[in-house]
Every structure is written in C-alpha cells, then in structure tokens.
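Computed from the coordinates by the stated procedures, all read-outs in this text should not be read as laboratory data. Everything quoted here is computed from the prediction, not taken from an experiment. Neighbour counts are summed over all protein chains in view; Cβ atoms, including those assigned to glycine, are modelled from backbone coordinates with ideal geometry.
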Amino acid sequence: MKTQRFWSMLAIAGLLMAGAAVRAQEDAQTSRPVPDSFAPAALTGTLSKVRETGTIALGYRESSVPFSWLSARKEPIGYSIELCKALVSAIGDAVNRTLTIQWVPVTPENRIDAVVSGRVDLECGSTTSNVERQKRVAFSPIIFVAGTKVMVKKGSPIGSFRDLAGRRVAVTAGTTNEKALRDLDRKFRLGIQLQVVPDHAQGFAQVAEGQADAFATDDVLLYGLIAEHASERGEYRVVGDYLSYDPYGIMFRKDDPQLAQVVRDAFQELAADGEIDRQYKRWFLRRLPSGTSLNLPMSAQLATIIQTMAGGEAQ
C-alpha cells in the first residue's frame, strides 16, 4: 500500500514538474517579440516599399470635383482623397509603421502609367474600373457609379447625343468618355468635331468661352464643375441619356496580393462601420468649400454595392 502511494505521489510530482516546464516555456515565448504575419522580412511589393521608406505616394487630380481636387490652400481634398487616407492608415497598420503621404498630381492621360511605373502607389481620383484597364492595374471595390453625359450652355439646342452631329465637343484625353464619344461618332456617323483637352477644367472652359458646343464627361463631374462655378450655375445644363457606364475605384499596382488583401479588408471595414456612407454625405450632400452643394443622393445601385461590400463580398 505504501509502495502504491509512493508511486502515485511520484506520478503527481512528475505531472506538476511537466506543467511547470510547459508554463516556463510559454512564459519565455511570451517574453520574446513574436513576429506577425506582415513582419518586414515577409513583406513584398508595395507593402515592402512603404515599410522601408516610411512614405506612400498618392496620386491626386486637380479638378475632379467632388472626388479629388485642390482646395483654396492648394491641398488635395475630396471623397476619393478621404477614402485613400483611410487606406493609408490600414496600410500603416499592416506594416506596423506610420506612413508619410507624398502627394503627386496626375492627369487622365498619365495616371495609369504613374501607377504602373511606381511613381504613385494609390491613385485617388475619378477613375473608371474596366476590363481593359484591369489588364495593367488593379482596382479597389467600387466607390461610385457614374456615366458619360454632356454639358451645354443654357439655351443650347443640344438635348441628346444625336444633336451632337457636326458640333464641337470637348472631351478629356485618356478617359472612357473620349472612347465613348469616338465609338458613338463612328457608329452613328455624326461627324462630331472632338476637341481633346488635358483635364476637366479645360473642358469646362471650352464651353464657357464658346470654343466648344458641349463638354462630355461623367455626369457627376459635370455637376461638380457647375457647383464650383456657383456664380454661373444657371448658365449650364447636363443633358441627354447616359453614353457609358463608369464604376469608379481606387487604382493600385497589379499582381500585388498583399496590398490587394489590405485594400479589400479595409474597404469591408469602411463599409461595415458606415465610413463610406459618411464620406458620401460629406461630399455629395453637404456644402462644398465653394459654398454650394451637389445635393446628389446615393443611387440605389451604389447603396447595394456598399451593403454587399460590408458583408465581405467586394465588388
């Protein structure tokens, strides 16, 4: 009996000693820094670049109201700018480093090349995500849905695309709007006199100065330009049916899976906690710095996209 008790006590002591050894090992592991899944050595692509440099380059537009344009203080502002800033915060968390933003101006013509070449890491503007562009770059989930329309001066006889026959129509270089107008002209043999300009501000100016009969770009950008010229607001109209379908996204480099995952996760969180909706209201329903408002409620289509995004199904 004593022998059995002895072996029982010995077994218990052994178990206690083994447990102590396990706890000691766990304590030792806890005291050492544990590398996370995005430790510097494991980073690739853009995340590796920004971790090493501490900076991230954001491309912005100068006249894409209310998505991306310059304030009176010459600082980039707008809906896309705020969403990009949220992405920068998420990327900083992923690489465990506070990132400094380097602002880089881009145009419709050079924005894709700027991303591909690495001159900018995120393009924060009013860029349409389509199959052709996705061959060269990647896009975030959809942040807005627009379409090509035309702006004319009040009193213009232009009311539909057929009225553009033989007219001077300004269009911004390197945009889906330019392609839409060229395709339309070719299909219906309208004889449109396309006037290709470098940016939206110049397109608006062409109509304002009487050098063009109409300016064709995304409807929301036309409303934004009219709002920015508040003193002349009654002088312009947006007319006609949609000539194209243009879903916007934040552009970044293709074949960068780590960054793509951060972008998807960040947008799911932004949608789920209501931040995308709050930013939409700020830039589309409230007063802009010019003192006017677009007063453009969110479309049912975009609302559905954001709801789907919040559930983890990125568009």
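Tabulated data for the structure shown
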| read-out | value |
| --- | --- |
| Relative counts (whole %) of C-alpha pair distances in the range 148-244, using bins that are 10 Å wide | 18, 58, 23, 1 |
| √(5λ) per eigenvalue of the Cα gyration tensor, the chain, largest first, Å | 55, 19, 18 |
| Overall dimensions of the range 32-184 by Cα: Rg and Dmax, Å | 19.3, 75 |
| FRET efficiency, Ser293 to Lys74 (Cβ-Cβ, R0 30 Å, nearest 0.05) | 0.85 |
| For Met251, Met298, order by how many other beta-carbon atoms lie within 10 Å, fewest first | Met298, Met251 |
| Additional length obtainable on full extension of the chain from Lys135 to Ala303, 0.36 nm per residue less Cα span | 57.7 nm |
| Computed FRET value (nearest 0.05) for Phe188 with Lys281, which takes r as the C-beta separation and R₀ as 35 Å | 0.35 |
| Computed [θ] at 222 nm, helices only, for the chain once each DSSP H run of length n ≥ 4 contributes -39500 (n - 2.57) | -13000 deg cm²/dmol |
| Check: the chain dipole with +1 on Lys, Arg Cβ and -1 on Asp, Glu Cβ, in debye | 160 debye |
| Folded to 0 to 90 degrees: helix 219-228 orientation relative to the chain principal axis, Cα | 80 degrees |
| Loop trypsin sites (Lys or Arg not before Pro), the range 54-90 (other Cβ atoms within 10 Å of the site Cβ: 16 or fewer; DSSP) | Arg73, Lys74 |
| Counting DSSP beta bridges with both ends in the chain, the antiparallel % (nearest 5) | 55 percent |
